[in-house]
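Some notes on the structure that comes next.
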Amino acid sequence: MNDTAGHTPVLLPQVLEALNIRGSGTYLDATFGRGGHAGAILQNLIASGRLLCLDRDSTAIADARANFAADSRVTIFLAAFSELESCADRLEPGLQFDGILFDLGVSSPQLDDAERGFSFMQDGPLDMRMSAGEGASAADIVNGAPLDELIRIFREYGEERLAPRIARAIVKDRESRPFERTLQLAEMIARVARGGAARGGPRHKHPATRVFQALRIHVNRELDELETALAAALARLAPRGRLAVISFHSLEDRMVKQFMRRHSSPDPMYAGLPHIPAHARPQLKLVGKPIQADAGETDRNPRARSARLRVAERLDLGIAA
């Protein structure tokens, strides 16, 4: 199954190659989405293979159960990927994986559903919560956060150069009319940012792109979740197991790159010493260079344009010296 309910998984052949799937192996799809990657992994597993699927979005999990619950090789959990260790232990205490996949960020079905509030291209409630109904919504942040906090969010998570101008306009406008709808916020940002492209901003992006990204990351604590999940994935990779991570923006990709590099090098405290203790040795080795979609895939699936796949392999104990 390469396409579930019309959803096209990004970099699918490259992911399958990166995971180096063994038919009898145990794998984790930590971001099920609509199951494109999961279905393709299953096609490569024999009866003794296992696949654990996680997603924090209840709609995605409902889809997972509808499509895969009858398959005895599959176990499904409604959970954030930061909880992967506890989910693995519920299946089998101390369970290790031969491959772990993260497909980060918002999924195409989430963007396409206006009621989720992720898209600035269609009108819907200003929500953006991946775990529906849990925690503060984007509207809560936009209408309640102080000016300095809005500026920080837009700068830190959106790398938005017009953060102060946009934040000041939000604070002013919300006094008379709270922000409740996606197009209401997107149109205000477009108005405030008008002319920004002429001063060096990207011409191909909607002016609200970075602010919406920043709000989504903040609402869902995406970078904190990713930091926890990467450490958990390393702890649960079996020797020679593969970690494959698809990211879609520079903040995620930078975190993944730094994590993989850090754990593929000896602890610098022991640099130059003739013997490096086991705990300070590399735990990963990088597999190839970052992979991006080719022109054929980006023509078929524009979302793939910003996708970047990084791969690392867990070293066998005692081999990393």
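The values are calculated or read from the model by the stated rules, or taken from the named source; none is laboratory data. These numbers come from a predicted model, not from an experiment. For neighbour counting, all protein chains shown are included, and Cβ atoms are generated from backbone atoms with ideal geometry for every residue, glycine included. SASA here: full protein model, heavy atoms, side chains in, ligands and nucleic acids out. Shrake-Rupley method; radii C 1.70, N 1.55, O 1.52, S 1.80 Å.
Summary table
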quantity	calculated
Accessible heavy-atom area order of 254, 305, highest first, probe of 1.4 Å	305, 254
Label zone at residue 194, where the point sits 7 Å out along the Cα-to-Cβ direction: region 145-168 residues whose backbone N lies under 20 Å	161-168
Full-stretch length increase - residue 91, residue 295 - with 0.36 nm per residue and alpha-carbon distance subtracted	69.4 nm
Angle between the chain longest axis and helix 209-220 axis [Cα atoms, degrees, rounded to 10]	60
Within the chain, percent of DSSP bridges classed antiparallel, to nearest 5	40
Of 296, 288, 124, the one that fluctuates the most in a GNM where the chain has Cα springs shorter than 10 Å	296
With DNA, RNA and ligands ignored, accessible area of residue 265 (1.4 Å probe; Å², nearest 10)	50
0 to 90° range, to nearest 10: angle between helix 58-68 axis and the chain longest Cα axis	40
Solvent exposure, largest accessible area first (probe 1.4 Å, DNA, RNA and ligands not counted), of 171, 10	171, 10
Length released on extending from residue 265 to residue 113, taking residue separation times 0.36 nm less the Cα-Cα span	50.5 nm
Calculated P(r) tail over 24 Å for region 33-132, as whole % of Cα pairs	27
Where 209, 26 fall by accessible area, highest first, once all protein chains stay in place (1.4 Å)	209, 26
Degrees separating the helix 250-263 axis from the principal Cα axis of the chain, which is the longest one	30
Lysines whose Cα lies under 24 Å from that of residue 257, excluding same-chain neighbours fewer than 8 positions away	285, 289
Over region 260-299, relative contact order from alpha-carbon pairs under 8 Å, at least 6 apart, %	45
